[in-house]
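The values are calculated or read from the model by the stated rules, or taken from the named source; none is laboratory data. Keep in mind it's a predicted model, so treat the numbers as computed, not measured. In this analysis, Cβ positions are derived from the backbone assuming ideal geometry, glycine residues included, and neighbour counts consider all displayed protein chains.
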């Protein structure tokens, strides 16, 4: 028979788990409140974006709740919960791979590669994420690129001018234009 916990004392992990498995909502709330700060900190250090962190933390606790019956009590619940958080973050990185299009291909090849994406409608989350990334890219372009790199990027990637035409226009070698474009893309794609 379980002894009653002293007033104000927190129930131990095994008692909380048993109560959750018996259907007691308050017991799960106690687990959530106990581990939320650690899980949030763990996830936020890896994702860095508050919206992604909040969504991932909710996903972690969904997994905790749905898999609690499989917890074997051989280790601390905190280690098990953080293991779920680690796997959830890792899976999020796997899911986040978006189709890519090489930036140095000719326009006709790029259009063919993007054809499956042309009919796609972004979700509100994807729209928000896109606006956030664009703001970071614009700030990086303003602060970290030279005026020449910004001009080259605009001419080649936004106005779709061939490198040979840009080299002729700016009286530079094609290799110099390619090199500066590579450096500019490296800075912008890191955002």
(request) Mind listing just one residue for me: the one in the range 67-79 that is touching a residue at least 12 places away in the same chain (Cβ under 8 Å) and part of a helix (DSSP H, G or I) and, of those, surrounded by the most Cβ atoms within 10 Å (Cβ to Cβ)? (result) 77
(message) Just the residues that are farther than 16 Å from residue 178 by Cβ and more than 29 Å from the chain's Cα centre (by Cα), please, taken from the range 145-159.
(response) 147, 159
(request) Might you let me know whether the range 48-66 holds any residue that is loosely packed, with under 11 Cβ neighbours inside 10 Å, modelled with pLDDT under 90 and within 30 Å of residue 187 (Cα to Cα)? (result) yes
(request) Please go through the range 19-29 and pick out each residue that is surrounded by fewer than 16 Cβ atoms within 10 Å (Cβ to Cβ) and in a helix (DSSP H, G or I). (result) 21, 25, 26, 29
(message) Here are the criteria: (1) surrounded by fewer than 15 Cβ atoms within 10 Å (Cβ to Cβ); (2) closer than 30 Å to residue 54 by Cα. Tell me which single one residue 146 does not satisfy.
(response) (2)
(request) Please find, among 184, 167, 135, 176, the residue that is free of Cβ contacts under 8 Å to residues at least 60 places away in the same chain, under 30 Å from residue 56 (Cα atoms) and in a helix (DSSP H, G or I). (result) 135
(message) What's the number of the only condition in (1) loosely packed, with under 11 Cβ neighbours inside 10 Å; (2) farther than 30 Å from residue 19 by Cα; (3) out of contact with any helix residue (DSSP H, G or I) (no Cβ under 8 Å at 6 or more places or on another chain); (4) at pLDDT 85 or above that residue 160 fails to meet?
(response) (3)
